[in-house]
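Undergrad: Supplied in structure tokens, the structure appears directly below.
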Amino acid sequence: MIEEPPPFEIVRREDFSDVTYLLEVRHPEMARAARPGQFVIVMSHEAGERIPLTIADFDRDRGTVTLVIQAVGKTTREMQRDLVAGARLHALVGPMGEPSRLDGFRKVVVVGGGLGVAPTYPIARGLKERGAHVIGVIGFRSRDLVFWEEKFRAVCDELILCSDDGSVGIKGLVTLGLEQAMSAHSDIDEVVAIGPPIMMRACAATTRPKGLRTVVSLNPIMVDGTGMCGGCRVKVGGRIRFACVEGPEFDAHQVDFDDLMFRLARHRAAEKVALERWQQGCRLEAQAVPARA
Ligand SMILES: Cc1cc2nc3c(=O)[nH]c(=O)nc-3n(C[C@H](O)[C@H](O)[C@H](O)COP(=O)(O)OP(=O)(O)OC[C@H]3O[C@@H](n4cnc5c(N)ncnc54)[C@H](O)[C@@H]3O)c2cc1C
Ligand code: FES
């Protein structure tokens with residue numbers, strides 16, 4: 001009898017920095033179904049919080065999907081501590097959301113800022129596979145935070161690497177790289193920008209005067225991911241849209257970024273308490289270990 005490997009197993013873990021890590025997870029059906037732009041909802045253990053994470057890569061031959069995660073609060077830090085190669089996720093649901101539009105473009109600029117570099121990768125690869133000329137603009141705070149530069153070079157016709165402090169690539173924000181791409185090319189069909197809301201808003205402001213079609217991937221608080229709870233409400237073109245089922249990608253020039261940022265900040269106090277309680281539990285556990293030994 002052939003024994004099936006356990007589902008949701010972490011087959012590879014890579015740490016990009018103190019706070020950013022990659023998990024490659026076994027899930028052959030998900031790897032077959034996944035398309036650029038989609039996301040999954042993950043539970044790391046039975047009592048864990050459900051958190052949405054973008055599919056940063058998928059490999060149909062290996063039967064895996066890749067997630068790149070920033071440890072910002074209780075759940076993502078707990079996952080950073082516990083999920084090593086060989087461990088398993090409790091649940092992995094998806095792929096969710098509308099896939100990115102990839103067909104019909106001749107020239108596209110794909111902009112990724114910080115962690116946003118990861119979800120833009122499958123979009124850049126998908127565009128390249130369909131024959132588009134792909135200009136990548138990826139930005140990090142400094143050289144030590146750079147990841148996936150080589151992966152991007154392999155799927156981009158041109159790559160502009162930016163860093164806030166000038167330690168690698170051009171010195172400046174990704175909007176500077178985007179401006180350079182726009183002045184070198186007058187025939188860009190579309191810009192895709194993914195990163196923190198403030199960065200996506202700045203990219204929208206950069207392309208708006210030229211009326212250059214721009215798409216952003218929004219990251220509101222999500223709960224069920226099925227369009228039922230309304231937690232992921234965003235304002236686009238004056239209308240309420242549900243990012244989990246109608247997005248997460250939307251026309252950047254229509255998005256109300258102030259509303260998005262306001263809604264994201266609403267739970268900060270509760271999130272801080274949850275993190276502090278978890279950290280306190282970790283400290284108590286660490287103190288208890290020698291006592292038991
Ligand atoms: C469609 C989508 C794709 C995402 N993809 C990624 C990704 O690829 N990698 C990654 O690191 N992060 C991604 N995020 C954000 C990620 O879900 C949050 O960082 C995570 O839920 C934080 O949980 P926490 O307990 O560690 O932190 P908390 O302290 O609970 O929250 C920290 C911050 O994370 C955000 N957040 C918290 N809960 C949620 C939630 N249920 N849904 C959405 N955002 C939340 C809020 O901005 C909050 O202020 C994505 C979010 C969305 C909506
Ligand atoms: S997360 Fe509940 S409606 Fe989108």
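The values are calculated or read from the model by the stated rules, or taken from the named source; none is laboratory data. Because the structure is a prediction, the values reported are computed rather than measured. Here the Cβ positions follow ideal geometry from the backbone for every residue, glycine too, while neighbour counts run over all protein chains shown.
Undergrad: Restricting to helices (runs of 4 or more DSSP H) lying wholly in the range 170-271: which have 2 or more residues that are buried (at least 16 other Cβ atoms within 10 Å of the Cβ) and within 15 Å of ligand 2 (Cβ to nearest atom)?
TA: Result: 243-246, 257-265.
Undergrad: Determine the pairs where a residue that is without any contact (Cβ under 8 Å) to a residue 24 or more places away in the chain, located within the range 233-250, has a partner that is small (Gly, Ala, Ser) and more than 12 Å from ligand 1 (Cβ to nearest atom) with Cβ atoms under 8 Å apart, the partner being 6 or more residues away or on another chain.
TA: Listed by first residue and then by second, the contacts come to PHE242/GLY227; PHE242/GLY230.
Undergrad: Quick check on my filter: what residues within the range 122-141 are within 15 Å of GLY37 (Cα to Cα) and surrounded by 24 or more Cβ atoms within 10 Å (Cβ to Cβ)?
TA: Listed by number, the residues that qualify are PRO122, ILE123, ALA124, LEU127.
Undergrad: Please specify each residue of the range 97-121 satisfying the condition of being over 19 Å from ILE55 (Cα atoms) and surrounded by fewer than 21 Cβ atoms within 10 Å (Cβ to Cβ). Lay out the reasoning, then the answer.
TA: If we filter the range 97-121 for residues that are over 19 Å from ILE55 (Cα atoms), which is where we start, we get 103-109.
ASP103, GLY104, PHE105, ARG106, LYS107 - these are the residues of the range 97-121 that are over 19 Å from ILE55 (Cα atoms) and surrounded by fewer than 21 Cβ atoms within 10 Å (Cβ to Cβ).
Quick grid of which residues meet (1) surrounded by 20 or more Cβ atoms within 10 Å (Cβ to Cβ); (2) modelled with pLDDT under 95; (3) touching a strand residue (DSSP E or B) at 6+ places or on another chain (Cβ under 8 Å):
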{"position": "GLU49", "(1), (2), (3)": "no, yes, yes"}
{"position": "PRO52", "(1), (2), (3)": "yes, yes, yes"}
{"position": "ARG77", "(1), (2), (3)": "no, yes, no"}
{"position": "ASP82", "(1), (2), (3)": "no, yes, no"}
{"position": "GLY86", "(1), (2), (3)": "no, yes, yes"}
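Undergrad: Follow-up. Can you tell which of GLY112, GLY169, GLY136, GLY126 is over 17 Å from PRO248 (Cβ atoms) and modelled with pLDDT of 95 or more?
TA: GLY136
Undergrad: Of the residues that make up the range 70-80, is at least one touching a residue at least 40 places away in the same chain (Cβ under 8 Å), within 13 Å of ligand 1 (Cβ to nearest atom) and more than 17 Å from the chain's Cα centre (by Cα)?
TA: yes
Undergrad: Kindly indicate whether VAL146 is β-branched (Val, Ile, Thr) and surrounded by fewer than 24 Cβ atoms within 10 Å (Cβ to Cβ).
TA: For VAL146, the condition - β-branched (Val, Ile, Thr) and surrounded by fewer than 24 Cβ atoms within 10 Å (Cβ to Cβ) - is met.
Undergrad: Which of the residues that make up the range 22-64 are in a strand (DSSP E or B), more than 20 Å from PHE147 (Cβ to Cβ) and away from ligand 2 (no atom under 16 Å from the Cβ)?
TA: Scanning the range 22-64 gives a single hit, ARG26.
Undergrad: Kindly list the number of the only condition in (1) away from ligand 1 (no atom under 13 Å from the Cβ); (2) of a type in the set (Gly, Ala, Ser); (3) in a strand (DSSP E or B) that fails for GLY94.
TA: Here GLY94 meets the rest and fails (1).
Per-residue answers, yes or no, for (1) buried (at least 22 other Cβ atoms within 10 Å of the Cβ); (2) without any contact (Cβ under 8 Å) to a residue 40 or more places away in the chain; (3) under 24 Å from SER217 (Cβ atoms):
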position	(1), (2), (3)
GLU14	no, yes, yes
LEU23	yes, no, yes
ALA33	no, no, yes
GLY37	yes, no, yes
GLY63	no, yes, no
LEU67	yes, no, yes
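Undergrad: Could you check the range 59-87 and list, in sequence order, the residues that are among the charged types (D, E, K, R) and either out of contact with any Lys or Arg (no Cβ under 9 Å at 6 or more places or on another chain) or within 13 Å of ASP15 (Cβ to Cβ) (or both)?
TA: From the range 59-87, those among the charged types (D, E, K, R) are 59-62, 74, 77-78, 81-82; that's our starting set.
ASP59, ASP61, ARG77, GLU78, ARG81, ASP82, listed by residue number.
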